[in-house]
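Heads up, the thing below is written out as structure tokens.
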Amino acid sequence: MFKMNLTDSAFLCLDIGSSAVHGIAHRVRSGRISKSAMFVSESFDLVDATKSVIDELESQIGRHFDYAYVTGNFGESHFDITTKNTVFQGEHRIGPADIRHQISEIAAPDGFFPIYIIPLRYDCPHMRNMLSPIGHVDSQLVSTYATLFYTHAAMDEIKSVLRRAHIQSNGFYDSQFVLNSVYHTPHETTMFIDFGAMFTTVSIWTDRGPIWQTQVPMGGTNITQSIVDRFDIPFIDADRIKRGVFTMLPKTTDRFTPADVAFDFSRADINDIVIPYMTNIINNIRNAATPIMEKHPINKIIITGGASDADGVVDFVSNTFGIVTESVHIDAPVRALGEHIWNMSADECAKIIARNERMNKRFERILKIFHKKPKKVRKFVPILPSSMCFDMNNSTTYTTFDAAGISMIHVDIMDGLYVNKIAGGIDTLRKIRSRTTAHLHVHLMTESPSAWAADAIAAGADTVIVSTNTSGVKNAIRTIKSSGRRAGIALNPDTSPAILKPIIRDLDEVMVMTVEPGAAGQEFMPACLHKISILAATRKKYGLKFVISVDGGINDKNAQMCWDAGADLLVSGSYLAHSPDFPIAVQSLLKKQ
Ligand code: DX5
Ligand code: ZN
């Protein structure tokens, strides 16, 4: 069963003739041929020529070959038609085992190995020339097979070279068969002539296979040898001259132009050898084929091999037989082999390509979905709702915040000492933390900020803002920073930014209080705005990085003033909490350009 890796592999086809090796190689990727290369090596040392073709094509294709297939008349071949007769004991349903048994009885001549067996006809006593006897009930089966044999010696020698290139040993094909598989037109009878170096191989094919085959033991090398004998020149020179002047055009009777610069005989002298020899070969073919051609009129002659490209050959063959003749050129067998091998994988390739296309389409659809609905990159909303003014035990609060794009929540903690009121507290913070992944911006309005900061951090604070006029602010900032959280200081309305001087480089944030700490719902103090400007200017002047936030009485009337003064974040409690539509209220606080 033919099975090639069609996802990723490389394969090689060789036409091993008597004086040259033609190679064609294909790189296969995802059910398609992604790269091809051809190479010819002319030599009578076919093992050496085969090696050089493999090396060259391997380097052109860029990888070792996984498979190789061979055609050509490398070494002797033998063609036979065998008739087998099986008599059953009584009526018998004919099955594949009966056919296999008949094939196993086909005897190869001594030293030969059958490599190609074609059933030509099956006859049962009541039905003649059936396509297949399988399933037919009868008492006798007569079958006729065409069989091609190659010598063991030739096959072994070639295999030993091919093995080097990871080539499987069962890929030997008869060149007449591969020519037929590609060039035969259905319902026509075709004659193939392959002008080889040692032999001229001829076969006649119908739709059912070869009905006749012969090898005329004459070829291009004999012509070269005749030139050697006639002019007493080296074989290599005779071969070059033959190739240079070989023509079957009857008018080339130029007796004055030398055939080659090195010798004084003329082109016509060479053609005096070429034309009779070729005429002889073709006449031999015609004589041998006439009886079969009378029974099976031939529609077309296809020529290949060394002489097929010479001037006038097509016309000469056509005129001799009176049949339309076409040259498929010298490399036709190897190209046909490549095509034949590839055709065998056509169905499998179509499946792979269809599957890949389906996957590509699916991939394109997925891409389109991403394209149509780009993942929303949420713009950061620099508004922090103050937890004191919202019901932080209600899940709707969180979904409302989320829907408005809120990503930071301001959590006020009052200890009843620093400010009169007790509000928030570590437990509240912990609960809020458990309900949201938002950044928790904790505002400590407490004495002992360091201790409170440590507790706030443990409860899930992301930013901790401590109040001025408390003892241990520096410590508190250090505690916060060492925990990896953001640290800030809140400036009360009557506190000057100047007091931050010793510590400002350690701060991530300075929060300007625009109300007295201690209660929500107080009136915004515009007098504090200038502190925002001072902080912004200082930051700029010294290249500092702290963020400026504003807390207390922020609404849609004063937010813009804060932005204009240089604020980065605004905290808002009452205004947001009392607005009928939370997202719209958030929008109203945003910076207007
Ligand atoms: C005041 C708090 C503020 C307050 C904000 O002591 O620090 O965070 O909750 O609320 P409004 O916006 O109402 O002043
Ligand atoms: Zn606050």
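Of the residues making up the stretch 533-554, those that are open to solvent by less than 30 Å² (accessible area, probe 1.4 Å) and within 16 Å of ligand 2 (Cβ to nearest atom) are 548, 549, 550, 551, 552, 553, 554. The numbered conditions (1) assigned to a helix (DSSP H, G or I); (2) over 20 Å from residue 176 (Cα atoms); (3) open to solvent by less than 70 Å² (accessible area, probe 1.4 Å); (4) at pLDDT 90 or above are all true for residue 294 except (3). Mind checking whether some residue in the stretch 446-454 is surrounded by fewer than 16 Cβ atoms within 10 Å (Cβ to Cβ) and within 16 Å of ligand 2 (Cβ to nearest atom)? No, every residue in the stretch 446-454 fails to be surrounded by fewer than 16 Cβ atoms within 10 Å (Cβ to Cβ) and within 16 Å of ligand 2 (Cβ to nearest atom). Comparison of 68, 146 shows that the only residue that is within 18 Å of residue 16 (Cα to Cα) and not in a helix (DSSP H, G or I) is 68.
Scanning the stretch 13-47 for residues that are buried (at least 19 other Cβ atoms within 10 Å of the Cβ) and charged (D, E, K, R), we see that the one that is nearest to the chain's Cα centre (by Cα) is 27. Scanning the stretch 2-44 for residues that are out of contact with any helix residue (DSSP H, G or I) (no Cβ under 9 Å at 6 or more places or on another chain) and outside any loop (DSSP other than H, G, I, E, B) yields 8, 9, 29, 34. Restricted to strands (runs of 3 or more DSSP E) entirely inside the stretch 183-222, those with at least 3 residues that are hydrophobic (A, V, I, L, M, F, W, C) and within 20 Å of residue 330 (Cβ to Cβ) are 190-195.
With respect to (1) of a type in the set (A, V, I, L, M); (2) in contact with a strand residue (DSSP E or B) (Cβ under 8 Å, 6 or more places away or on another chain); (3) open to solvent by less than 40 Å² (accessible area, probe 1.4 Å), the lone exception for residue 87 is condition (3). Condition test on residue 388, is it modelled with pLDDT of 95 or more and within 16 Å of ligand 2 (Cβ to nearest atom)? No, not satisfied. Every listed requirement among (1) under 55 Å from the mean Cα position of the chain (by Cα); (2) more than 16 Å from ligand 2 (Cβ to nearest atom); (3) closer than 18 Å to residue 495 by Cβ; (4) of a type in the set (A, V, I, L, M) is met by residue 584 save one, (3). Only residues that are out of contact with any strand residue (DSSP E or B) (no Cβ under 9 Å at 6 or more places or on another chain) and among the acidic types (Asp, Glu) were counted in the stretch 484-521, giving 2.
Within the stretch 499-521, the residues that satisfy the criterion of being among the hydrophobic types (A, V, I, L, M, F, W, C) and more than 16 Å from ligand 2 (Cβ to nearest atom) are 499, 500, 503, 504, 507. Set side by side, the residues 350, 307, 354 differ, and just one is closer than 30 Å to residue 68 by Cα and open to solvent by less than 20 Å² (accessible area, probe 1.4 Å), which is 307. For the stretch 174-193, give me each residue that is under 22 Å from residue 114 (Cβ atoms) and either among the hydroxyl-bearing types (Ser, Thr, Tyr) or open to solvent by less than 30 Å² (accessible area, probe 1.4 Å) (or both). 174, 175, 176, 178, 179, 180, 181, 192 - these are the residues of the stretch 174-193 that are under 22 Å from residue 114 (Cβ atoms) and either among the hydroxyl-bearing types (Ser, Thr, Tyr) or open to solvent by less than 30 Å² (accessible area, probe 1.4 Å) (or both). Among the candidates 302, 323, 369, the residue that is assigned to a helix (DSSP H, G or I) and of a type in the set (Val, Ile, Thr) is uniquely 369. Only one entry in 504, 489 is of a type in the set (A, V, I, L, M) and open to solvent by 10 Å² or more (accessible area, probe 1.4 Å), namely 504.
For first residues located in the stretch 405-430 and farther than 16 Å from residue 569 by Cα, partners that are part of a loop (DSSP other than H, G, I, E, B) and aliphatic (A, V, I, L, M) and lie 6+ apart or on another chain with Cβ distances below 6 Å form the pairs 426/459; 429/459; 430/459. May I ask you to list the residues in the stretch 555-577 that are open to solvent by 40 Å² or more (accessible area, probe 1.4 Å), under 17 Å from residue 409 (Cα atoms) and in a helix (DSSP H, G or I)? Once the filter is applied, which keeps residues that are open to solvent by 40 Å² or more (accessible area, probe 1.4 Å), under 17 Å from residue 409 (Cα atoms) and in a helix (DSSP H, G or I), the stretch 555-577 yields only 575. Please pick out the residue among 553, 566 that is away from ligand 1 (no atom under 12 Å from the Cβ), at positive phi and either of a type outside the set (D, E, K, R) or out of contact with any Asp or Glu (no Cβ under 9 Å at 6 or more places or on another chain) (or both). The match here is 566.
The values are calculated or read from the model by the stated rules, or taken from the named source; none is laboratory data. Note that the structure is a prediction, hence the values are computed from the model and not measured. We place every Cβ from the backbone using ideal geometry, glycine too, and count neighbours over all the protein chains shown. Calculation scope for accessible area: heavy atoms of the full protein, side chains included, ligands and nucleic acids excluded. Shrake-Rupley method; radii C 1.70, N 1.55, O 1.52, S 1.80 Å.
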